[in-house]
Structures are given as structure tokens and as C-alpha cells.
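Below is one structure; the comments refer to it alone.
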């Protein structure tokens, strides 16, 4: 477990204003967000807003309260849905839809990741809702985009990893395509949607108008190809799999040691010179096979074998100390448990405590950004389904008698 002592740059959470949770930060506390999302990409987006203090209301159906995102007590749900309130509304009923539209009139942001046609069928699309709330920022995340030939395809992270090229450059040559170990298309689509929302809110301060923010798993995955995609667009170079080797920086990759493995990142001539000296092979600096970047690229396999002949002679910890002292980037290859026990990770407070309603005292992954005046906190665990329904509906003028009728009719 992580050290619970707060670092000096973390200040106490802000106090709760009337009618909402204690805000996780003061940065976005003025914004009301309606969360229609499910599974991962959408909840990842909304978590960014909730963790920075927005008043997030999670809209759930009375029947499928987990929103297809796994059991509420599961680690995944707990990590995705903190710092929110929850209201249950059946949007397929007249009363449920009317209540949602009342909320939408007051909202700054709505986030959804339905299939593109669902919001239009329900009458909760951007054009409809912005007619009565022109300042609304409405964010949509889909598998492949809101239009185009693939718009009706169901989206899933691994499908996007494959279609977006990532699996073709991941894994060892000759062993077939390989997915990465996290749902990176989902996560990046969510983060990019959050960035788009914040950009739209910033622009709204000038124009006074909201807008429709759109992204998709496919767009996010292609964008995240970064330099690998640029290699094709600029140089017509189609990258392939390189395993643990960096495709262009040599020698950068995984090397065996006496007691395991380590990462080395030997990028550029200055670091190469330091590396050769630190490894006790200064002769490599004049060796025609290795003396410059093109020759090291041409003789990559031979260089890797010669490096491991040396690295196998000492432990990972010994090499990392030696390399870092010489100014050569080197690091451990941790399993997930080792990550959260790492002293630097503990110092950065990436695991934060919260009292879960289903699990008791647990830790969740906090925001990886430190803000000097408006830090983020996990101030509330995920809500139970509909935990704040009566509170929220009463705040938009629905009477206690009407709420009882809505309960009876299965609207909430």
C-alpha cells in the first residue's frame, strides 16, 4: 500500500457547496456535466471532468444500472466512476425524457458514447438540446465517427487497435499481430474528448456558444500512431514489428541481466558515447560496425548480442545505477505490483485512498497532473445506482409527489 502522508503541494479538498458532492477540485467546479456514457471511453472522458471538480451527474437506467461497465463493486467500475452523483432515468418514457431535458437546459456539458443513431432516436442529440441551451458543449465518442461508411459498426478497443495500425507494429517480427496490454484506443479517445470539451468551454468564454465535440476510437488510435504514422505520410515508409527494440533509436530496447531484464534507451551520439564507456566497451566508438547511427542500425542484431554478453555479468540494479550515474537512460521492467511499490510512484501519490460504498477502504489511481492552486482529489467513491435521484430531481423543480409517481411508473 502507498504512503498516506500528503506531499506539501497537496492541499485540503474544497468544501461542499449546497446540493452537490464536495468538489474534487476548484478548477472546474462551476460546470455541470451530464454523463450518459458507458463501458470505458466515455467514462474515461467524464472522469477527467469529475476529478477536476465538475459537478457530474451520471444518468443511469433503472434496469441496467451498471451501464454495461461491469459490476459496481469491481475494480474497473470503482476506478472509472468516482467523484460523481447518480440519477436513474428511463429515457424511453415521456416523464424520464422530460426530466432529462430539464437537466440538459442547465448543463454546461453532455457526454455520450452511444452508437451514432441512438441519441437521434431518443431526441437528445446536439441540435435538439442546443436549441434551448445554446451554450451547451455536447461531446460524442463513437467507434468510427458520427458519419461515413463505418458509422454503424459497433466499436471495441481491440478492433480499433487493429484497424488503426497499432497491432501491426506491436510484437515480435514473424509472430503475428499483437494488441497492447491496455485498452489504449478507448483511453485515448476519452482523453481526447475531454481535451475537446475543455477547448470548447474555453472558446465559449469568447463566443458565448457551445458546440458539438466529436471523436472516435479509430481517430484516436490513428492519431496516436504519431511518428510511426508520420514515417508513412512523409517518407512512404510502412513500419513493421520490432518487438522490444525501438524502431529507429538503436540500441534502445530490453536487455537481459544476471537476474532479469532492464530497459536501455541509447538515443543519439552523445548518449551512445556515454553508454559505450559505462559498459566498459569504449572500443565500440571506433568499431566500424557501430560507430555511427546508420552502422548501428545495419548491425543491430550483432550489437544486441554483444551488449548482452556484458549485461549478463551484473544485476539489473547494478546496471541501472551505473547507467544513470553515466547519464544513460535505463530502468527496471516492473510488474503492476512493483509499479505501485516503487518509491517514485509512492512519492507522486498516484494511488489515492477512498472509502468505497461497496468495498470499504481502497485506493484508486489519481490524476497524473499536479496543479499548484487547484489540485485534484478523489473526494467521493462511485455512487450507488440512483443514489442522488430525488435530490437532483427536486433541484430542477420536480415535486415529491411527482417523484413518487415516477418511482411507481418505473421512470426512476
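Could you check how many residues of segment 105-124 are touching a residue at least 24 places away in the same chain (Cβ under 8 Å), surrounded by fewer than 19 Cβ atoms within 10 Å (Cβ to Cβ) and not in a loop (DSSP other than H, G, I, E, B)? The total comes to 3. Residues in segment 238-255 that are assigned to a loop (DSSP other than H, G, I, E, B) and surrounded by 13 or more Cβ atoms within 10 Å (Cβ to Cβ): 239, 241, 242, 243, 244, 245, 246, 247, 248, 249, 250, 251. Taken over segment 256-295, the criterion of being surrounded by fewer than 16 Cβ atoms within 10 Å (Cβ to Cβ) and assigned to a strand (DSSP E or B) is satisfied by 256, 260, 261.
Each residue in segment 31-51 was checked for being farther than 12 Å from residue 191 by Cβ, touching a residue at least 60 places away in the same chain (Cβ under 8 Å) and in contact with a strand residue (DSSP E or B) (Cβ under 7 Å, 6 or more places away or on another chain), and 7 of them qualify.
For segment 305-324, the count of residues that are touching a helix residue (DSSP H, G or I) at 6+ places or on another chain (Cβ under 8 Å), loosely packed, with under 13 Cβ neighbours inside 10 Å and at pLDDT 95 or above is zero.
Conditions tested, residue by residue: (1) in contact with a helix residue (DSSP H, G or I) (Cβ under 7 Å, 6 or more places away or on another chain); (2) within 25 Å of residue 102 (Cβ to Cβ); (3) modelled with pLDDT under 95.
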| position | (1), (2), (3) |
| --- | --- |
| 40 | yes, no, no |
| 45 | yes, yes, no |
| 51 | no, no, no |
| 54 | no, yes, no |
| 57 | yes, yes, no |
| 64 | no, yes, yes |
| 69 | yes, no, yes |
| 81 | yes, yes, no |
| 86 | no, yes, no |
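Suppose the filter is free of Cβ contacts under 8 Å to residues at least 12 places away in the same chain, under 25 Å from residue 156 (Cα atoms) and under 34 Å from the mean Cα position of the chain (by Cα); does residue 238 pass it? Please lay out each step first, then the result.
Working: free of Cβ contacts under 8 Å to residues at least 12 places away in the same chain: yes; under 25 Å from residue 156 (Cα atoms): yes; under 34 Å from the mean Cα position of the chain (by Cα): yes.
So residue 238 fits the description; yes.
Quick one: would you say residue 395 is under 21 Å from residue 107 (Cβ atoms) and buried (at least 17 other Cβ atoms within 10 Å of the Cβ)? Here the answer is no, as residue 395 does not meet what is asked.
Output the residues belonging to segment 141-171 that are over 26 Å from residue 195 (Cβ atoms) and either at pLDDT below 95 or not in a loop (DSSP other than H, G, I, E, B) (or both). Matches in segment 141-171: 152, 168.
Do the conditions hold for residue 91, that is, is it in a helix (DSSP H, G or I) and either buried (at least 22 other Cβ atoms within 10 Å of the Cβ) or assigned by TED's automatic domain parsing to the domain that holds residue 373 (or both)?
On the way: in a helix (DSSP H, G or I): no; either buried (at least 22 other Cβ atoms within 10 Å of the Cβ) or assigned by TED's automatic domain parsing to the domain that holds residue 373 (or both): yes.
So residue 91 fails the test.
I'd like to check something: does segment 193-201 contain any residue that is under 25 Å from the mean Cα position of the chain (by Cα) and loosely packed, with under 14 Cβ neighbours inside 10 Å? Can you show your working first?
The initial filter retains those residues of segment 193-201 that are under 25 Å from the mean Cα position of the chain (by Cα), namely 193-201.
Right, trim to loosely packed, with under 14 Cβ neighbours inside 10 Å and you get 199.
Yes - at least one qualifying residue is present in segment 193-201.
The values are calculated or read from the model by the stated rules, or taken from the named source; none is laboratory data. None of these values were measured; they are calculated from a predicted model. Backbone-built Cβ (ideal geometry, glycine too); neighbour counts: all protein chains shown.
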